[in-house]
Amino acid sequence: MARTTVINPPGRLPLPAWREMWEAREVFTRFGIRDLKLRYRQTALGVIWVILQPLLSAGIFSVVFGQIANLSSDGVPYFVFSFAGMLAWTLFNGIVSRAAPSLVNNQALVSKVFFPRLLVPLSSVLSVLVDFLVASALMVVLLVVYGITPGVAVLTLPLWLLAVVLLASGIGMACSALMVKFRDVAYIVPFAMQTLLYASPLAYSLSEVGSNVRWLFDINPLTWILEGFRWSLLDLAQPALWQMAATAGVSVVVFVGGALIFSKMERGFADVI
């Protein structure tokens, strides 16, 4: 039976064609696998870099903030405290940094082949999640070595993981669409990520933040996520209920907003990319 495709003009709310994306899910998988292969091709250490990067960062943070600055880690060994934060940060940073230039990097396909283009930035999630799972195995080893037993809060870890993916994907989709028209985004994203790295309680405890600037951290969604990650993994203090609710709300709103921005600008991609 022949299949008929009806193309309708976009409505007031340019929602993505989710059914069309589901039917083209193989494209999503192939983009993700290709990203993994290209990233570690012709590297001497290969996938070991997935563990080495957060490991070295956590080590540096432990020396600078734990030994030199002598900041608190809420009673947890500083290295484990830093590495737990690096897990969440690496996932967030990886999705945003890889999704943002994805359309420009695949401009030949975008301009010549028809497929749901939203799958291009979203495919970054797949490859970065693989990296996260590998690094998480080391996190388990560290918990065993240091004798840290997560509490019942560990059951909420998938929810915090979902929040990171939604938040980062929403930002990544918006940035990828904007970069097609404004290549300045390629310079803004790395700077913004570097700023967020130190403007979030990643390498230090939130208790070390002065009261005069605490409100800046309280309105930062990454603060909520980092506190939630550490609560679930290290059995530290539970985040405030409003932060947990805000994490869910903001993550969904940013994801939907990013998808809407992408869909709104998608029709002009082939003309300007």
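Each value in this text was obtained by applying a stated rule to the coordinates, not by laboratory testing. None of these values were measured; they are calculated from a predicted model. FYI the Cβ positions are ideal-geometry reconstructions off the backbone, even for glycines, and counts take in every protein chain you see.
Couple of notes before you dig in:
- Using every pair of distinct Cα positions in segment 124-273, the Kirkwood expression returns a hydrodynamic radius of 17.2 angstrom.
- Against the empirical 2.2 N^0.38 Å (N residues), segment 62-158 has a Cα radius of gyration ratio of 1.47.
- Under the span-like rule (Cα at least 18 Å along the axis, Kyte-Doolittle mean at least 1.6), DSSP H helices of the chain: 48-61, 119-145, 157-181
- Shape box of the chain [Cα atoms, principal axes, largest first, Å]: 64, 44, 39
- Exposure proxy shown here: for S169, S211, S72, the number of other Cβ atoms within 10 Å sets the order, fewest to most, as S211, S72, S169.
- Residue order, fewest to most surrounding Cβ atoms within 10 angstrom, among K37, K181: K37, K181
- Label-zone membership for segment 232-266, site K181, 7 angstrom Cα→C-beta point, backbone N under 13 Å: 261-266
- Compared with the direct C-alpha span, the chain from A237 to E208 gains 9.0 nm at full extension, assuming 0.36 nm per residue.
- On full extension, the segment bounded by Q53 and S72 gains 4.5 nm, given 0.36 nm per residue less the C-alpha separation.
- Were the residues from K37 through V64 laid out at 0.36 nm apart, the gain over their Cα-Cα distance would be 6.3 nm.
- Fewest-first sequence of T156, T223, T247, T29 by Cβ atoms within 10 Å of each Cβ: T29, T156, T223, T247
- Gaussian network model of the chain, springs between alpha carbon atoms under 10 Å - residue of A192, A246, A100 with greatest fluctuation: A192
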